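Asks: Would you mind keeping the following structure in view while I ask a few things?
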Amino acid sequence: MLNYLAHAALAQPTRYSLVGNLLGDFCKGVNVDNLHPAVRAGLYNHRATDRYTDTHPIVKAAKAEFSPMRRRFAAVALDVLFDHFLIRHWQQFYPQPFEDYKAQLYGQLNGAMPLMPATMRDTMQRVSRYDWFASYQQLPQLGQALDHIAGRIRFANNFSGIITEIMPRYTALEHDFLQFYPQLQRHILQLGIEQTDKRG
């Protein structure tokens, strides 16, 4: 989905792993068998992250609280919101200050462009150039980001304005995230899909 920050944070510290962990949303037309082994392992890590997230009781319960007209898009909204919470509570989970990590991440993305398929490269260039994660830090900008996503959906939908359903439940959803994310970290660590090879 669209939780790019969480997928990047759960990657190994190599450009191959970073690309693989972000590749899951850009796989159309990609021959997985032809990928660099470390990119492929990162992709499998991405898919394991999504499977765990989509089936987790905390996440399923949070989705169910959205109104029927917007529930179809709850997963997308939670992806973006959970990146917001990850930024907000970054130093609870990682020792490096978020602004330092973000600058490093954008640099890694720019250096890894040759490893990416065209659609992914275009998106990641925008992520870096327009500092998407800055727009995830404050609720008004987060609402605008969600509405922008809604505007790109190619069929009539009620996704726009979903921030109005998030705001009254903000504290409860933040609590959900703080319970869920450490469990996700442990799960991915225990799976050990990616080797801790530092090359790349």
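The values are calculated or read from the model by the stated rules, or taken from the named source; none is laboratory data. Keep in mind that this is a model prediction, so the values were computed, not measured. Glycine gets a Cβ as well: all are built from the backbone with ideal geometry, and neighbour counts include every protein chain shown.
Asks: Filter region 147-200 down to residues that are within 20 Å of the chain's Cα centre (by Cα), modelled with pLDDT under 95 and loosely packed, with under 11 Cβ neighbours inside 10 Å and give me whichever is nearest to Arg40 (Cα to Cα).
Replies: Per the criteria, the residue is Arg152.
Asks: Does Ala112 satisfy the condition of being among the small types (Gly, Ala, Ser) and within 24 Å of Ala48 (Cβ to Cβ)?
Replies: Details: among the small types (Gly, Ala, Ser): yes; within 24 Å of Ala48 (Cβ to Cβ): yes.
Judged against the criteria, Ala112 is a match.
Asks: Another question, if that's okay. Are there any helices (runs of 4 or more DSSP H) wholly within region 1-79 with 1 or more residues that are charged (D, E, K, R) and either surrounded by 19 or more Cβ atoms within 10 Å (Cβ to Cβ) or within 11 Å of the chain's Cα centre (by Cα) (or both), and if so which?
Replies: On the way: elements: 4-9, 15-22, 37-55, 57-64.
Here the list reads 15-22, 37-55.
Asks: Of Ile58, Ile87, which residue is under 17 Å from Tyr106 (Cα atoms), out of contact with any strand residue (DSSP E or B) (no Cβ under 7 Å at 6 or more places or on another chain) and not basic (Lys, Arg)?
Replies: Values: Ile58 fails: under 17 Å from Tyr106 (Cα atoms).
Matching residue, one of Ile58, Ile87: Ile87.
Asks: Which residue pairs have Cβ atoms under 7 Å apart, sit 6 or more places apart or on different chains, and have a first residue in region 45-63 that is under 14 Å from Val76 (Cα atoms) and a second that is outside any helix (DSSP H, G or I)?
Replies: Within 7 Å, the pairs are Asp50/Met1.
Asks: Has region 57-80 got any residue that is more than 21 Å from Gln144 (Cα to Cα) and either acidic (Asp, Glu) or in contact with a Phe, Trp or Tyr (Cβ under 6 Å, 6 or more places away or on another chain) (or both)?
Replies: Yes: region 57-80 contains one or more residues that are more than 21 Å from Gln144 (Cα to Cα) and either acidic (Asp, Glu) or in contact with a Phe, Trp or Tyr (Cβ under 6 Å, 6 or more places away or on another chain) (or both).
Asks: Residues that are hydrophobic (A, V, I, L, M, F, W, C), assigned to a helix (DSSP H, G or I) and farther than 23 Å from Leu22 by Cβ: does region 80-101 have at least one? Spell out how you get there, then give the answer.
Replies: Pass one, region 80-101, residues hydrophobic (A, V, I, L, M, F, W, C): 80-82, 85-87, 90, 93, 98.
Okay, now just the ones that are also assigned to a helix (DSSP H, G or I), so 80-82, 85-87, 90, 93, 98.
This time we only want the ones that are farther than 23 Å from Leu22 by Cβ, so: none.
Within region 80-101 (the criterion being hydrophobic (A, V, I, L, M, F, W, C), assigned to a helix (DSSP H, G or I) and farther than 23 Å from Leu22 by Cβ), the answer is no, since none of the residues qualifies.
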